[in-house]
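Step one of this worksheet: look at the structure below.
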Amino acid sequence: MADDASATPARVRNRRGEGDRLRQEIVTAAIDLLDETGDESAITLRSVARRVGIAAPSIYRHFPDQPAIMLAVVRSAFTELDEQLDAAVDAAGEQPREQLMALCQAYLQFGQAHPGRYRTMFGGLWVPDLNASSVTKDDMATLGQESMQRLARILEACVTAGCATSTDVPADTVALWLGLHGLAHQRAVSPSFPWPPDIADRIITTLAHFTTK
């Protein structure tokens, strides 16, 4: 059965030099599909093309394959996460402990607000075949680095300020992230579980090695 191209209005052709706009429209369409379905397999060249209002082969001018689109989606999600983490830290004031608490809460809120994106970023649902796609090992290795480095910097600031007793900030940063990720994931898959209202604070306080106020 042929694609139902009539389901999507024809897209207005870009003017010369506006190719970047089409690229962003492709990424936005893929993000919308992920948000709507919660399933990265719903993002195909044809589904994205229908959403944008173009022929599927037009995508190849900007993305060599479907994994390349997914990589752009995940990178966009990490950019949005980092922006939200920055905003939370800025709003928290000057105290490192409050900054770290705010960053961790913002991380959890992002996972709750965007479950499809979060699972694709961190849940292992999207694992491209590096031998059969344009995505490289280096591409995957860089994902999330800014977020992790931001977490490490603020934890280090807590140690310097005397409000955390970590003696191995890199290892404790990973431990803290794993605690946050575990909570974010379990909240998504077990929404009816009677979570203690202060469970996030308990996890953060313990894994950040906060001193008693």
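The values are calculated or read from the model by the stated rules, or taken from the named source; none is laboratory data. Keep in mind it's a predicted model, so treat the numbers as computed, not measured. Note that each Cβ is placed from the backbone with ideal geometry, even for glycine, and that neighbours are counted across all protein chains shown.
Here are the numbers:
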item: Residues of the range 102-132 classified as at pLDDT 95 or above, more than 18 Å from VAL189 (Cβ to Cβ) and surrounded by fewer than 22 Cβ atoms within 10 Å (Cβ to Cβ), total; result: 3
item: Qualifying positions in the range 49-79 - charged (D, E, K, R) and part of a helix (DSSP H, G or I); result: ARG50, ARG51, ARG61, ARG75
item: ASP65 vs. criteria under 20 Å from the mean Cα position of the chain (by Cα) and of a type in the set (D, E, K, R); result: no
item: Matching residues in the range 49-94 - criterion: being over 23 Å from MET140 (Cα atoms) and either β-branched (Val, Ile, Thr) or not assigned by TED's automatic domain parsing to the domain that holds LEU22 (or both); result: VAL52, ILE54, ALA87, ALA88, VAL89, ASP90, ALA91, ALA92, GLY93, GLU94
item: Verdict on ARG46 being surrounded by fewer than 21 Cβ atoms within 10 Å (Cβ to Cβ), part of a helix (DSSP H, G or I), touching a residue at least 40 places away in the same chain (Cβ under 8 Å) and outside the structural domain of ALA164 (by TED's automatic domain parsing); result: yes
item: Test for THR160: is it without any contact (Cβ under 8 Å) to a residue 40 or more places away in the chain and among the β-branched types (Val, Ile, Thr); result: no
item: Test: residue in the range 78-89 that is under 16 Å from VAL27 (Cβ atoms), surrounded by 21 or more Cβ atoms within 10 Å (Cβ to Cβ) and in contact with an Asp or Glu (Cβ under 7 Å, 6 or more places away or on another chain); result: no
item: Helices (runs of 4 or more DSSP H) contained in the range 135-213 and holding at least 2 residues within 30 Å of MET70 (Cα to Cα); result: 137-142, 145-161, 169-189
item: Members of the range 167-213 that are of a type in the set (A, V, I, L, M, F, W, C), surrounded by 13 or more Cβ atoms within 10 Å (Cβ to Cβ) and under 17 Å from PHE122 (Cα atoms); result: VAL174, ALA175, LEU176, TRP177, LEU180, LEU183, ALA184, ALA188
item: Filtered residue count, the range 19-73, keeping only those that are hydroxyl-bearing (Ser, Thr, Tyr) and over 22 Å from ASP129 (Cβ atoms); result: 2
